[in-house]
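One structure is given below, encoded as structure tokens.
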């Protein structure tokens, strides 16, 4: 039996640390001083508007990065840039951010005189995304020795990067750390205070390009690993972003075969987002349909292993692969299922993250048990069930030490707007951070292969 539960917005699915939004009304000369903090991810763009006179959050939006039409990962976009499409990629991201900012103004700011108002944009993102936003040459990011076209903080006017509506805006892009570790990681470090503390902290910024940060009593090291877009709804057959109709939670019973699907209100289920994907894989493991090595049993194999009948009858074939059917709406021809290739996508993502953690700890001669705190950044972290993420090895098996920080990179971008010293402080800090290049580590591939199993990660 499948039970549907419509999820309305509540604390569990809110971004951790988010400030209450409030609309503003312009008085007097109808002028406003508004900042827009942009976190440009490979798959998702998040934008937060701030009333810089009061410091209050006005509104926020999150959208799929429209550059994904030209490639799901950063290297595909680098290749497109080198083949003559850099200008197109630049235009796409600038126009999208301008459009998002205009929508927030229209919905949240009343009586504004744009000509009399002042706008400031702060931007963070991985190195490739920031280069494309600024229309900078990405050739140096295409291969070893991986050199960015610019270093440090970047300041310009909107018109300099092709902004139209916000042509007079000031634009500040936070410094990156290295070619493979961008300003989004530095924003996380600043927002969460992952420096200058006499403790050992590990931070994981979950995303298409996952950054892993280690603060070892004031010495900060970082690395980046290509986790892929699976947890952001890309590359999964029934995957979708976390919006109306997305299944964002799944509970499976190995005793009676019942399945509870939680989905975001607005319409009936039509796909599965990152938090639902974590629950689905953990549930399939719990019900023994999914093996530790990631193999999804066929119906005949499940019957021989005496898998519960209600679960077994949902095992099917899709696209020539073993698959598990979670939901079917025959009237609207909607199905939600996971097939074998989807499981492989999850394995690659969690394997890359786990291997990155192991390499960073090994480089610092530390054991996982010596870490005092593990910070999980990224919106996915604040939405998924921690126990399920731990059960498949996506997060370390240290639940009491886990702290979920939500979109810490986005909050770092807001700090640029509200804290005058933050931009300069972070640029200086970037020069003191050590970058660990995983591709140059002999044991990375070995760690990656051993990390593919869907079992708890105990260090």
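The values are calculated or read from the model by the stated rules, or taken from the named source; none is laboratory data. All values reported here derive from a predicted model rather than from experimental measurement. For neighbour counting, all protein chains shown are included, and Cβ atoms are generated from backbone atoms with ideal geometry for every residue, glycine included.
Considering segment 388-422 alone, what residues qualify as being out of contact with any strand residue (DSSP E or B) (no Cβ under 6 Å at 6 or more places or on another chain), crowded, with 23+ Cβ neighbours inside 10 Å and closer than 17 Å to residue 51 by Cβ?
Of everything in segment 388-422, just one residue is out of contact with any strand residue (DSSP E or B) (no Cβ under 6 Å at 6 or more places or on another chain), crowded, with 23+ Cβ neighbours inside 10 Å and closer than 17 Å to residue 51 by Cβ, namely 411.
Just the residues that are modelled with pLDDT of 55 or more, assigned to a loop (DSSP other than H, G, I, E, B) and more than 30 Å from residue 180 (Cα to Cα), please, taken from segment 3-52.
Matches in segment 3-52: 8, 22, 23, 26, 29, 30, 31, 32, 52.
Here is a list: 165, 133. Which entry is surrounded by fewer than 19 Cβ atoms within 10 Å (Cβ to Cβ) and in contact with a helix residue (DSSP H, G or I) (Cβ under 7 Å, 6 or more places away or on another chain)? Outline the logic, then answer.
On the way: 133 fails: surrounded by fewer than 19 Cβ atoms within 10 Å (Cβ to Cβ).
So the residue among 165, 133 that is surrounded by fewer than 19 Cβ atoms within 10 Å (Cβ to Cβ) and in contact with a helix residue (DSSP H, G or I) (Cβ under 7 Å, 6 or more places away or on another chain) is 165.
Among (1) free of Cβ contacts under 8 Å to residues at least 60 places away in the same chain; (2) in contact with a strand residue (DSSP E or B) (Cβ under 8 Å, 6 or more places away or on another chain); (3) surrounded by fewer than 18 Cβ atoms within 10 Å (Cβ to Cβ), there is one condition residue 313 misses while meeting the rest; what is its number?
(2)
Might you let me know whether segment 438-448 holds any residue that is in contact with a strand residue (DSSP E or B) (Cβ under 7 Å, 6 or more places away or on another chain) and under 30 Å from residue 34 (Cβ atoms)?
Of all residues in segment 438-448, those in contact with a strand residue (DSSP E or B) (Cβ under 7 Å, 6 or more places away or on another chain) come to 438.
Retained after the next criterion (residues that are under 30 Å from residue 34 (Cβ atoms)): none.
The answer is no, given that none of the residues of segment 438-448 is in contact with a strand residue (DSSP E or B) (Cβ under 7 Å, 6 or more places away or on another chain) and under 30 Å from residue 34 (Cβ atoms).
I'd like to know if segment 289-297 contains one or more residues that are crowded, with 16+ Cβ neighbours inside 10 Å and under 26 Å from the mean Cα position of the chain (by Cα).
Checking segment 289-297: at least one residue is crowded, with 16+ Cβ neighbours inside 10 Å and under 26 Å from the mean Cα position of the chain (by Cα).
When segment 136-157 is examined, which residues are found to be surrounded by 14 or more Cβ atoms within 10 Å (Cβ to Cβ) and in contact with a strand residue (DSSP E or B) (Cβ under 6 Å, 6 or more places away or on another chain)?
154, 156
Going by the conditions given, is residue 422 more than 28 Å from residue 252 (Cβ to Cβ), outside the structural domain of residue 54 (by TED's automatic domain parsing) and in contact with a helix residue (DSSP H, G or I) (Cβ under 6 Å, 6 or more places away or on another chain)?
Yes, satisfied.
Looking at the structure I just gave you, is residue 381 touching a residue at least 24 places away in the same chain (Cβ under 8 Å), within 30 Å of residue 144 (Cα to Cα) and in contact with a strand residue (DSSP E or B) (Cβ under 7 Å, 6 or more places away or on another chain)?
Details: touching a residue at least 24 places away in the same chain (Cβ under 8 Å): yes; within 30 Å of residue 144 (Cα to Cα): no; in contact with a strand residue (DSSP E or B) (Cβ under 7 Å, 6 or more places away or on another chain): yes.
The answer is no for residue 381.
Return only the number of the condition from (1) crowded, with 23+ Cβ neighbours inside 10 Å; (2) outside the structural domain of residue 250 (by TED's automatic domain parsing); (3) in contact with a helix residue (DSSP H, G or I) (Cβ under 8 Å, 6 or more places away or on another chain) that residue 350 does not satisfy.
Failing condition for residue 350: (3).
Go through (1) without any contact (Cβ under 8 Å) to a residue 12 or more places away in the chain; (2) surrounded by 14 or more Cβ atoms within 10 Å (Cβ to Cβ) and name the single condition residue 442 misses.
Of everything listed in (1) without any contact (Cβ under 8 Å) to a residue 12 or more places away in the chain; (2) surrounded by 14 or more Cβ atoms within 10 Å (Cβ to Cβ), residue 442 misses just condition (2).
Mind telling me which of the residues 208, 127 ends up being within 16 Å of the chain's Cα centre (by Cα), within 20 Å of residue 353 (Cα to Cα), surrounded by 24 or more Cβ atoms within 10 Å (Cβ to Cβ) and not assigned by TED's automatic domain parsing to the domain that holds residue 421?
Numbers: 208 fails: not assigned by TED's automatic domain parsing to the domain that holds residue 421.
The unique qualifying residue is 127.
From the residues in segment 424-457 that are at pLDDT 95 or above and part of a helix (DSSP H, G or I), which one is farthest from residue 285 (Cα to Cα)?
It comes out as 424.
Testing residue 196 on (1) in a loop (DSSP other than H, G, I, E, B); (2) crowded, with 24+ Cβ neighbours inside 10 Å, one condition comes back false. Which one is that?
(2)
Could you check, for segment 297-306, whether at least one of its residues is on the phi > 0 side of the Ramachandran plot and touching a residue at least 60 places away in the same chain (Cβ under 8 Å)?
no
Failed condition for residue 97, given (1) out of contact with any strand residue (DSSP E or B) (no Cβ under 6 Å at 6 or more places or on another chain); (2) crowded, with 20+ Cβ neighbours inside 10 Å, with all others met?
So the condition that residue 97 fails would be (1).
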